[in-house]
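What follows is a short report on a single structure.
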Amino acid sequence: MMENPSYLSIRGLGKTFTAASGHRHVAVGDVDLSIGEHEFVSIIGRSGCGKSTILRMVAGLEPCEQGCIELDGRQVQGPAAERGLVFQEYALFPWRTVSQNIGFGLEIRNLPKVEIDSTVSKFVKLIGLNGFEKSLPWELSGGMRQRVAIATVLANNPKMLLMDEPFGALDAQTRLTMQIELSRIWMETRKSVLFITHSVEEAVYLSQRVVVMKARPGAIQEIVDIDLPFPRDIASRGFNDMRTKLLSMLLDPVTGTH
Ligand SMILES: Nc1ncnc2c1ncn2[C@@H]1O[C@H](COP(=O)(O)OP(=O)(O)OP(=O)(O)O)[C@@H](O)[C@H]1O
Ligand SMILES: [Mg+2]
């Protein structure tokens, strides 16, 4: 099902930040990564290893200092709707209803109202929020708001979803529900996803490949194939083996702790 294995192509990516003290800090050094069309890839690694910096460059929010990023054969230059972003914070308009949030991108493209309405109802259904179309974001739970955020970017028919710890602010139970939902949505839409998480379980549950990063400079330590059938069975031996393998890769070589 993977037509183009280099749908997203990241080559020789590097980024150095200069701190207020004048100290230069290599946040990302020489990262190469390709993500296939329809593929779900996660990045894990300790805090500060450069995960968000990479995602922000793919999003076009941060210029590439070294190297280049191409999506579907075109160089990434600045943010665009073809790369749909979902962060931990809910990026919804508080004064717009669920439907109006999901339809926003279509409205600004001046699409006909019938088309907007049918796209919105398709995505309301996909995220399981039928009956909440007229609710305002503050009337929803955190998990529901994050579903709306996902539908809002999917309604623009992006080439790719970029997700930076999207479930990081949710309680443990809601987070599990959202993992199940996202995996189901991905199986239905087969959008390419680049997903950042601190949770090894979440990465194993959702991904076809997991990129393990190391810090100073931020670089790829290893890329692990998660060759398990979808939907994933968290109680299976294979799942547990993968989790153990990834956890051991994240151990600090000096202290032996995470
Ligand atoms: N705008 C910035 N200015 C200066 N330094 C920055 C900036 N953004 C990030 N950094 C530095 O770059 C490094 C990588 O940061 P980044 O946010 O990419 O890490 P991360 O892997 O996403 O961490 P976390 O898991 O905590 O979210 C860190 O050392 C951070 O201090
Ligand atoms: Mg981050």
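Rounded to the nearest 10 degrees, the angle from helix 113-126 to the longest Cα principal axis of the chain is 60 degrees.
Sum -39500 (n - 2.57) across every DSSP H segment of at least 4 residues in the chain, then divide by the residue count to get the 222 nm mean residue ellipticity, nearest 500.
Details: 8 runs with 84 residues, N = 258.
-9500 deg cm²/dmol, from helical runs alone.
The overall shape of the stretch 92-157 is prolate: from the C-alpha gyration tensor, with semi-axes ordered a ≥ b ≥ c, the ratio a/c is 1.5 or greater and a/b exceeds b/c. Once the Cα atoms are used to define both axes, helix 142-154 deviates from the longest principal axis of the chain by about 90 degrees. The charge dipole of the stretch 99-258, taken about its Cα centre with unit charges on the Cβ of Lys, Arg, Asp and Glu (plus for the first two, minus for the last two), comes to roughly 260 debye.
The value of relative contact order for the stretch 153-226, using C-alpha pairs under 8 Å at least six residues apart, is 28 percent. Normalised by the number of residues in the stretch 92-157, the average gap of Cα pairs under 8 Å and 6 or more apart makes the relative contact order 52 percent.
Considering only M213, M163, M187, the mean-square fluctuation computed in a Gaussian network model of the chain, springs between alpha carbons under 10 angstrom, is largest for M187.
To the nearest ten degrees, helix 172-189 and the longest principal axis of the Cα atoms of the chain are 80 degrees apart.
Projecting the alpha carbon convex hull of the chain along each direction and taking the average yields 15.3 nm².
For the peptides 32-45, 126-139, residues were scored by their other Cβ atoms within 10 Å and the scores averaged per peptide; the highest-first order is 32-45, 126-139. Over the chain, accessible surface divided per residue gives 49 Å², non-protein components excluded, 1.4 Å probe. Highest-first packing order for the peptide set 219-226, 101-108, 89-96 is 101-108, 219-226, 89-96, based on the mean count of other beta carbon atoms within 10 Å. Candidates V26, L228, I180 compared by Cα position along the dipole of the chain: farthest toward the positive end lies V26, with charges placed on Cβ.
The share of accessible area on the chain that comes from carbon and sulfur is 53 percent, using a 1.4 angstrom probe.
The values are calculated or read from the model by the stated rules, or taken from the named source; none is laboratory data. Given the structure is predicted, the values throughout are model-derived calculations rather than measurements. Cβ: placed from backbone, ideal geometry, glycine included. Neighbour counts: every protein chain shown. Keep in mind that these areas ignore ligands, DNA and RNA; they rest on the heavy atoms of the full protein, side chains included. Shrake-Rupley method; radii C 1.70, N 1.55, O 1.52, S 1.80 Å.
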